[in-house]
C-alpha cells in the first residue's frame with residue numbers, strides 16, 4: 001500500500017467533489033476535513049478558536065482568515081490525520097489562506113492540490129437537477145462567481161508552486177475517480 005495521501009481538493013459547486021472525496025476516503029482511508037465540520041466541532045467543544053468563530057458567525061459575519069487558519073492548523077495536528085493523511089475540502093478558499101496553509105504545513109506537508117475541473121455549463125446542469133432549496137439560479141450564480149473571484153486565485157497559486165493537478169471531472173463518477181486515483185497514486 002502506498003502512503004496515506006495528504007490532499008487539498010478543489011472544485012466548483014456541482015463538480016462532484018463530495019462524491020470523489022467519499023471514494024478517495026474509501027480507497028485510501030484518509031481523514032476528510034471540511035471547514036464546516038471543523039467549525040461545528042470547535043464551537044461544540046468550546047475551544048478558544050471555537051468561541052471566536054462562534055462570535056463571528058452569531059453576528060452574521062464570515063469567520064476571518066486568522067481564526068479559520070488556526071482551526072485548520074489545529075485539526076491537521078491531530079493524531080488521526082498524522083496516521084491516515086487527509087483530504088482538505090473547502091479550505092483554502094483564498095490565495096491568502098493557501099499561502100498561510102503552506103506556511104503551516106510546508107510544501108512537503110501535503111502531496112497535491114487537486115482541482116476537479118468541470119465546465120460552468122455542466123455544473124449549472126448538475127445543480128439544476130439537485131432540487132435543493134438553496135440552489136435557486138441567483139444563489140448558484142453568486143456562489144459560482146465567488147468561487148471564480150476568490151478560490152480560483154488560490155488554485156492558480158498552487159499551480160505556480162508546482163503542486164496542482166487538474167482532473168477532468170466530466171463523465172461517470174467511476175471514470176472521474178479512475179482519473180483521480182491514477183494521479184494520486186502516481187504522486188504518492
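The values are calculated or read from the model by the stated rules, or taken from the named source; none is laboratory data. Note that the structure is a prediction, hence the values are computed from the model and not measured. For neighbour counting, all protein chains shown are included, and Cβ atoms are generated from backbone atoms with ideal geometry for every residue, glycine included.
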Can you pull out the residues in the stretch 119-134 that are closer than 20 Å to residue 166 by Cα and surrounded by 10 or more Cβ atoms within 10 Å (Cβ to Cβ)? 119, 120, 122, 123, 124, 126
Of the residues that make up the stretch 106-113, is at least one without any contact (Cβ under 8 Å) to a residue 60 or more places away in the chain and more than 30 Å from residue 173 (Cα to Cα)? yes
Residue ID - modelled with the lowest pLDDT, chosen from residues in the stretch 105-134 that are touching a helix residue (DSSP H, G or I) at 6+ places or on another chain (Cβ under 9 Å) and farther than 22 Å from residue 184 by Cα: 134
Within the stretch 148-161, considering residues that are over 28 Å from residue 128 (Cα atoms) and touching a helix residue (DSSP H, G or I) at 6+ places or on another chain (Cβ under 8 Å), the one surrounded by the fewest Cβ atoms within 10 Å (Cβ to Cβ): 161
Let me confirm something: among 164, 180, which residue is touching a helix residue (DSSP H, G or I) at 6+ places or on another chain (Cβ under 8 Å), touching a residue at least 60 places away in the same chain (Cβ under 8 Å) and buried (at least 18 other Cβ atoms within 10 Å of the Cβ)? 180
Of all the residues that make up the stretch 100-116, how many are buried (at least 16 other Cβ atoms within 10 Å of the Cβ) and farther than 19 Å from residue 28 by Cα? 4
Going residue by residue through the stretch 135-147, is there one that turns out to be over 25 Å from residue 82 (Cα atoms), in contact with a helix residue (DSSP H, G or I) (Cβ under 6 Å, 6 or more places away or on another chain) and free of Cβ contacts under 8 Å to residues at least 12 places away in the same chain? yes
Where residues in the stretch 39-80 are at pLDDT below 90, over 20 Å from residue 8 (Cβ atoms) and assigned to a helix (DSSP H, G or I), which of them is nearest to the chain's Cα centre (by Cα)? 40
